[in-house]
Structures are given as structure tokens and as C-alpha cells.
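Heads up: the structure comes next, in C-alpha cells.
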Amino acid sequence: MSVESRRASLEAAGLVHPRAEAVTAELFREGGSFFFAMDKVQVKYEMLRAVNVDAETVVAASAAYGYSRAEFYLVQAAFAARGMAGLVDERRGRRGPTKLSGEIVAFLQASGAERSGSDLAREVESRFGVSLHRRTVERARLRR
């Protein structure tokens with residue numbers, strides 16, 4: 001696999017190390033076809049290995065692999081909890097609406113256009129037990 005195709009694959013998967021140029025560890029400076037500083041998962045794994053197997057200090061290893069000391073501990077905890085899957089960053093942000101169920105959205109969309117968002121928010125709270133901001137109600141009514 002060429003360097004360019006490997007880079008393209010990593011970019012497509014969202015696995016590019018954000019500071020690949022900061023990786024100064026010997027394994028990655030030597031180059032070769034296996035160690036690739038842009039591969040975030042590989043860099044994280046080798047950083048953990050440097051501390052646990054090679055007995056490097058956390059400060060030295062995190063600096064050599066382009067991470068901060070605090071990031072090292074986050075990577076270590078994720079690896080301890082989930083193994084190799086823990087080295088892949090989780091998707092950031094919310095996983096979807098937290099309060100709007102399909103039933104609530106259907107109710108809001110079926111309500112008359114003359115009803116205000118604040119009136120509907122009060123009714124949703126009394127009917128479904130869910131407190132919504134009036135703007136959330138108004139946006140939900142526009143989705144179709």
C-alpha cells in the first residue's frame with residue numbers, strides 16, 4: 001500500500017493523527033513501510049507500549065508520540081476499558097435528540113399552526129412529562 005493510499009484510507013476513516021508532525025519517536029522517524037505517524041491508532045498503541053513495555057516515562061512517551069500527558073491518561077483509560085477499540089476516537093457530540101420522541105414530534109406536527117411554541121411546550125410537559133424550550137418545539141414543528 002502506498003503512502004498516499006494509506007493516508008487517503010486514514011482520512012476517509014477519520015483516523016489521521018492531528019499532530020503527526022509532532023511524532024518524534026524513533027520507530028516513526030525511521031520510516032519504513034509499517035510505522036506511519038499519520039495513523040492515530042497505531043501511534044496511540046505504540047505510545048502505550050513505550051510506557052508499559054519499554055518503561056518510558058509518561059511525559060517522555062506522550063511528547064514523543066505527539067500527545068500531552070493528560071491525553072496519554074485518557075488513551076490509557078480507554079484502552080483499559082475497551083481494548084483496541086478504545087484507541088479509536090468516539091464520535092463527538094450528542095447522539096441525537098435527547099427529549100424529542102417520535103410520539104412528541106407527531107403531536108407537535110399535528111397541532112394547529114396558530115398555537116405558539118410556548119403553549120405547546122406547556123402541553124407537552126403536562127401530557128408527556130417532558131420539559132421543552134419553545135424554540136425546540138418550533139423547530140420540531142418545521143421538520144417533515
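The values are calculated or read from the model by the stated rules, or taken from the named source; none is laboratory data. Owing to the predicted nature of the structure, the values given are computational and were not obtained by experimental measurement. With ideal geometry, Cβ positions are generated from the backbone for all residues, glycine too; neighbour counts draw on all protein chains shown.
Some notes on this structure:
- Candidates Arg122, Arg141, Arg127, Arg82: the one that is at pLDDT 90 or above, of a type outside the set (Val, Ile, Thr) and surrounded by 14 or more Cβ atoms within 10 Å (Cβ to Cβ) is Arg122.
- Residue list for the stretch 2-18, restricted to those being touching a residue at least 12 places away in the same chain (Cβ under 8 Å) and either loosely packed, with under 13 Cβ neighbours inside 10 Å or aromatic (Phe, Trp, Tyr) (or both): Val3, Gly14, Pro18
- Filter pass, Tyr45 being under 29 Å from the mean Cα position of the chain (by Cα), surrounded by fewer than 16 Cβ atoms within 10 Å (Cβ to Cβ), part of a helix (DSSP H, G or I) and of a type in the set (Ser, Thr, Tyr): no
- Candidate set from the stretch 85-97 (those that are part of a loop (DSSP other than H, G, I, E, B) and over 17 Å from His133 (Cα atoms)); member that is modelled with the highest pLDDT: Val88
- Test: residue in the stretch 60-68 that is modelled with pLDDT under 90 and outside any helix (DSSP H, G or I): no
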